[in-house]
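*Asks:* Before I ask anything, here is the structure I am working with.
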């Protein structure tokens with residue numbers, strides 16, 4: 001428990017070192033040394049040397065990148081997204097397993113909120129370590145230990161009695177229509193089932209796989225009866241899709257049913273999101289012959305460009321965290337497949353589709369417009385095809401560049417990011433403008449961001465409004481310079497004194 005509190009409180013306090021500290025926890029938990037070795041700065045540095053980012057080991061770098069996922073989406077926005085994505089399966093899950101995806105996410109959100117409320121009541125809600133310089137930030141394995149008082153307060157925030165969580169959840173769902181049809185015993189069973197699914201004993205057994213906290217963010221410490229500890233509350237809700245996909249694996253009938261409907265469901269959600277953007281036409285399921293019968297999932301037509309839409313609903317999440325190398329390979333495989341399909345559609349339209357494009361847009365000479373492919377993957381993943389070849393080589397995805405030329409326009413986005421962008425009301429009429437900029441640098445996109453929301457913010461909050469910055473970014477592309485960027489629009493960074501563009505370089 002002492003090691004758990006040390007690592008958990010340091011993760012809370014060192015917000016830019018959360019991936020490092022989660023990785024340290026995982027490393028020593030699986031080695032069994034979490035129970036026998038005092039985890040200090042030396043052990044953290046030892047972990048980093050063995051498992052941290054390595055430019056010569058893309059799979060190792062990707063594994064570390066996955067540890068940053070919990071801080072990616074806004075928890076409230078992501079909870080809404082998960083409700084839309086999984087509500088069609090809710091009744092089937094509840095019938096077979098006793099609770100649904102919506103029930104699971106609701107309980108996770110409740111625990112996350114309880115931790116935040118306790119932190120606020122104890123006066124540590126906004127108490128973070130701030131780096132004083134970029135050189136200090138650059139020492140990636142260094143952390144600042146919080147005071148013993150801070151650690152003690154944080155330990156109170158993350159430990160609960162199981163009975164307490166059940167009582168809180170019963171109160172949380174009391175006004176829901178479904179809960180009003182259930183007996184008290186049924187509601188208690190519902191709560192216990194979800195907590196059991198989210199929990200695992202914290203002991204010295206050798207059962208732990210990689211990144212256990214992605215599968216069971218709650219731990220039951222040995223010798224502390226009825227106790228539940230949440231070492232990394234930031235994983236609640238924001239990584240729930242990994243656990244939801246795991247739910248389907250518990251029942252073969254559920255798995256088959258989900259696999260049969262997810263393609264159509266994800267396609268419906270993509271079309272719904274794309275309809276929010278101003279366009280000349282949006283065609284679903286475009287069929288053509290070249291001379292073989294083919295299909296692309298959609299065509300998106302604007303004033304100055306047209307795009308083939310390829311949607312991949314393959315459950316890559318089912319490979320996270322237990323088989324991250326396969327998840328990376330599967331991402332590349334599905335993206336390559338989508339690029340191949342989209343390329344055939346674009347080639348057909350540019351070679352033979354003049355009359356079709358005219359009927360779809362009412363414009364002549366549309367074939368001369370810019371054109372490209374939009375690849376959409378289900379769920380939430382970090383940027384895996386940044387369009388900067390140098391950066392993508394770090395994550396083992398440079399093979400994608402074998403399918404495209406520097407003149408190709410290929411835009412990669414996840415369903416969650418697409419939903420978030422479609423809700424940016426001030427700029428939904430400028431989606432085409434953003435797409436052309438985002439795909440305009442060939443293999444030398446000078447900006448590197450964690451997700452497409454940050455690229456959107458970079459363009460609309462900075463690039464499109466600042467002529468000097470435009471010139472600087474364009475020059476960076478010519479000189480092969482990479483500019484990391486984190487937006488203030490989509491990221492809450494209260495621990496940083498400034499979160500503007502200059503400080504993010």
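The values are calculated or read from the model by the stated rules, or taken from the named source; none is laboratory data. All values reported here derive from a predicted model rather than from experimental measurement. Cβ: placed from backbone, ideal geometry, glycine included. Neighbour counts: every protein chain shown.
*Asks:* Could you run through the stretch 369-399 and say how many residues are modelled with pLDDT of 80 or more and outside any loop (DSSP other than H, G, I, E, B)?
*Replies:* Adding up the residues that qualify gives 14.
*Asks:* Whether any residue in the stretch 104-115 is in contact with a strand residue (DSSP E or B) (Cβ under 8 Å, 6 or more places away or on another chain) and either surrounded by 21 or more Cβ atoms within 10 Å (Cβ to Cβ) or not assigned by TED's automatic domain parsing to the domain that holds residue 222 (or both) is what I want to check.
*Replies:* yes
*Asks:* Tell me which residues, restricted to the stretch 27-42, are in contact with a helix residue (DSSP H, G or I) (Cβ under 7 Å, 6 or more places away or on another chain) and crowded, with 16+ Cβ neighbours inside 10 Å.
*Replies:* Of everything in the stretch 27-42, those that are in contact with a helix residue (DSSP H, G or I) (Cβ under 7 Å, 6 or more places away or on another chain) and crowded, with 16+ Cβ neighbours inside 10 Å turn out to be 27, 28, 29, 34, 39.
*Asks:* Being within 25 Å of residue 38 (Cα to Cα), more than 27 Å from the chain's Cα centre (by Cα) and not assigned by TED's automatic domain parsing to the domain that holds residue 318 is the requirement here; does residue 141 meet it?
*Replies:* no
*Asks:* Could you say which residue among 161, 212, 186 is under 30 Å from residue 99 (Cα atoms) and without any contact (Cβ under 8 Å) to a residue 60 or more places away in the chain?
*Replies:* It is 186.
*Asks:* Taking the options 444, 461, 440, 474, name whichever one is at pLDDT 90 or above and within 26 Å of residue 379 (Cβ to Cβ).
*Replies:* 461
*Asks:* Pull out all pairs, ordered by first then second residue, where Cβ-Cβ is under 7 Å, the residues are six or more apart or on different chains, the first lies in the stretch 394-410 and is assigned by TED's automatic domain parsing to the domain that holds residue 337, and the second is surrounded by fewer than 15 Cβ atoms within 10 Å (Cβ to Cβ).
*Replies:* 394/55; 396/59; 403/340
*Asks:* Filter the stretch 479-495 down to residues that are touching a residue at least 12 places away in the same chain (Cβ under 8 Å) and over 23 Å from the mean Cα position of the chain (by Cα) and give me whichever is nearest to residue 72 (Cα to Cα).
*Replies:* Going through the qualifying residues, I end up with 481.
*Asks:* How about the stretch 393-429: which of its residues are farther than 28 Å from residue 278 by Cβ and within 17 Å of the chain's Cα centre (by Cα)?
*Replies:* Of everything in the stretch 393-429, just one residue is farther than 28 Å from residue 278 by Cβ and within 17 Å of the chain's Cα centre (by Cα), namely 395.
*Asks:* Another one. Name the residues in the stretch 398-417 that are within 17 Å of residue 347 (Cα to Cα) and crowded, with 18+ Cβ neighbours inside 10 Å, would you?
*Replies:* Result: 404, 408, 409, 410, 411.
*Asks:* If you don't mind, there's one more thing I want to ask. In the stretch 74-84, is there at least one residue being touching a helix residue (DSSP H, G or I) at 6+ places or on another chain (Cβ under 6 Å), buried (at least 16 other Cβ atoms within 10 Å of the Cβ) and farther than 24 Å from residue 157 by Cα?
*Replies:* Checked against the condition, which is being touching a helix residue (DSSP H, G or I) at 6+ places or on another chain (Cβ under 6 Å), buried (at least 16 other Cβ atoms within 10 Å of the Cβ) and farther than 24 Å from residue 157 by Cα, the stretch 74-84 yields at least one hit.
*Asks:* Where in the stretch 1-95 are there helices (runs of 4 or more DSSP H), lying wholly inside it, with at least 1 residues that are under 24 Å from residue 202 (Cβ atoms), outside the structural domain of residue 268 (by TED's automatic domain parsing) and free of Cβ contacts under 8 Å to residues at least 24 places away in the same chain?
*Replies:* 18-31, 41-51
*Asks:* Scan the stretch 130-154 for residues that are part of a helix (DSSP H, G or I) and at pLDDT 90 or above and jot them down.
*Replies:* Across the stretch 130-154, the qualifying residues are 148, 149, 150, 151, 152, 153, 154.
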